[in-house]
1. Being more than 30 Å from Leu112 (Cα to Cα), modelled with pLDDT of 65 or more and in a helix (DSSP H, G or I) narrows it down to one residue among Glu541, Glu571; which is it?
2. Can you tell me which residue within segment 459-503, out of those that are among the aromatic types (Phe, Trp, Tyr) and at pLDDT 85 or above, is surrounded by the fewest Cβ atoms within 10 Å (Cβ to Cβ)?
3. Scan segment 183-193 and give yes if some residue there is touching a strand residue (DSSP E or B) at 6+ places or on another chain (Cβ under 7 Å), more than 30 Å from Pro18 (Cα to Cα), modelled with pLDDT of 90 or more and small (Gly, Ala, Ser), otherwise no.
4. Looking only at segment 65-123, filter to residues that are of a type in the set (D, E, K, R) and in contact with a strand residue (DSSP E or B) (Cβ under 7 Å, 6 or more places away or on another chain); which one of those is nearest to Ile542 (Cα to Cα)?
5. Does Leu340 count as aliphatic (A, V, I, L, M), surrounded by 11 or more Cβ atoms within 10 Å (Cβ to Cβ) and touching a Ser or Thr at 6+ places or on another chain (Cβ under 8 Å)?
6. Could you tell me whether any residue of segment 354-377 is surrounded by 15 or more Cβ atoms within 10 Å (Cβ to Cβ) and out of contact with any strand residue (DSSP E or B) (no Cβ under 9 Å at 6 or more places or on another chain)?
7. Restricting to segment 81-139, give me the number of residues that are crowded, with 20+ Cβ neighbours inside 10 Å and at pLDDT below 85.
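The values are calculated or read from the model by the stated rules, or taken from the named source; none is laboratory data. Please read all numbers here as calculations on a predicted model, not as lab measurements. Reconstructed Cβ throughout: ideal geometry from the backbone, glycine too, with neighbour counts over all protein chains shown.
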Amino acid sequence: MIKDLQLTRDKSGKILSPISDFRADKLTKDLMAIMQSDFAISSQIMTTPHKEFNNMTLIERQTLCQKKFNNWQEAQSDDPDLAWKSNAIRPVSRNKVISIAAHLTGSILYPLIAAQNDDQEEDKDAAKVMKMLVEWVNDNYDYAQTFVYSVIAALVNPASILHLEYCEVMRTIKEINEKGGWERKEVIDELMSGFVTSIVPLDELYIADIYEHNIQKQGWLFRIKAIPFDQAKKKYAGQKNINYVEPGLNVMFDETTDTFYEQYDENLRDRLVYEAIYYNRDEDLEIPFLNNIPIGDPERPNPRKDKLYPFIKFGFEPIDEGKFFYYKSLVDKTLPDSDLIDVLYQMIIDGTFLQLMPPTAIYGDETITSSVVTPGTITVLKPESKINKLDVGGNLAAGHNTLQMVEDSLSESSQDPRQAGQSTKGSQTAFEVSRLEENARISLGLTGKMISFGVRDYGRLLVDSILQFMTVAEVGEIAGLKYKSFLLPSKTGMQKTKKVILDGELPDMSTEENDLIESYNILEEEGGKDGEREIYRVNPEIFRRRKFLIRINPESIIQPSEAVKKALNLEEYDRAVQNPLANQEEIFRDLLLGSYDATKNDVDKYITKPQPMAPGAAQEATESPLGKLLGANIGTQPEMALKA
């Protein structure tokens, strides 16, 4: 299953590679033959040009998009006659990606959770606890960072694929004892253990069918990557065949001789090994390989109880009606316009050079160098010698107009410049700006839905992983079986610290008496009604029996900008300030002062306090034309008369 690696043979075809010490039984050989056949199909998909990629392979299309995103430039020409030409490019694709990613990730999208009990009734308490556990995992394992990077990957590449797994990796430490000495001890590697979510490069994932859009319906998957040998030894310590693995040496099986051979791979540089994990949905398999050697049980089942692949996939826009596995990225969509912009940009720069310093023609037999154009230089020429500028006939205005037209076309395919924070000529009303944002919300709405599908799938995998790995008891050194507890520190909008305690001995809460007693016990543990924390005790056995449903709200992914909110507030203030029915103090507080950061938190110091009215002033106010307009009640409410 290693790409582009063949056994070394002589001219007659005899294998020159050394024989490996690795041996396999018939079951393992048969399974490896099936996997080799599956990998041949997957490899063909990876290396075949597809019309959906404009007759490019997946890797070629991805490489082209990544070069454009990273502002890759052609090298300057070595030809002196061409070296003066500009190779400048405009980072329009990168700017669009960063701008749209900023909009899409302005609010981190989290899965919403509902729960049902055994009677198919909604269980809000279980849903609330699961939501807190999901929040705990996301806070402790950098979900926000993964979400941002995965969105950028979807905008640049033909797909964004995430891998979610729960690991428990051990490491050996030296623990210092009381006598000043030390002893070795096996402990859990906190950095490498727990929930690990990583972005999968597309050249590492091999699929079974490119015209099956749903990754969970793929017949098989291969995840192949190079990892350090030391990391592989820790990850697969104690498993079958691990002792046959050596860095830099791949084990190749030859069917004609029924023998395993060793083949050196320069790409591994004597310190790496290829890790290939074979997933098969129908056969329920998840088999790891190191340098083509199967590790562990050759019939190892998928360890997930839900039997799903541990992968999540989403993209920018679908290519077709949902058949093709990959997507149309933003960079790919804007690539033609971006290339044309670069060409026009270079032509305009070159034309400007020609107009500022036009080429010259020399008439006569005198040798004249370019030093004659140096400021202050005096050059004596023969009468018959002449230097004339050449008319290159440049029309830079036409180039600028064409460039603007192409940039408008690119904006239609991605995002209006105003949404990227770029100023435009002329002023726009709050309504016009809000309509622009609404148009952007609509145009990005499809992308928001595509991302929400990925967040939904992530939530489904995460919830099942929480039930499988976080709600089970661990064997403690003293107390025997012990369940974990999870602490959620207070945040903005959440005043109290929350703590979820898994308790396998929690009594049956079906009776009102037990429920009341346990409620008072928890209230006392919280420190009373004014305590600084909330405690949730959960019976893990009952909790695991709940059915959890994952849903998502894609509309929340694109929020109105603060600039639009401010413009609408000020426009509303301008219209309401002249209305006699408006509460002037409140609109002054909320719409005018509340629109500025410097004043919104302390508006009272900007408001003049009403002065006590002199005797008889109320009667005068009532008899005034404005008092008659507002009604006789002004006489009994002088403060309202002042506001009016």
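1. Glu571
2. Here the residue is Phe469.
3. No, that holds for no residue.
4. That would be Asp123.
5. no
6. Yes, that holds for at least one residue.
7. The qualifying residues number 3.
Rundown of residues vs (1) under 17 Å from the mean Cα position of the chain (by Cα); (2) under 25 Å from Lys235 (Cβ atoms); (3) touching a residue at least 40 places away in the same chain (Cβ under 8 Å); (4) assigned to a strand (DSSP E or B), yes/no style:
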site	(1), (2), (3), (4)
Asp119	no, no, no, no
Ala154	yes, no, yes, no
Ile161	yes, yes, yes, yes
Thr172	no, yes, no, yes
Lys179	no, no, no, no
Glu186	no, yes, no, yes
Thr197	yes, yes, yes, yes
Glu212	no, no, yes, no
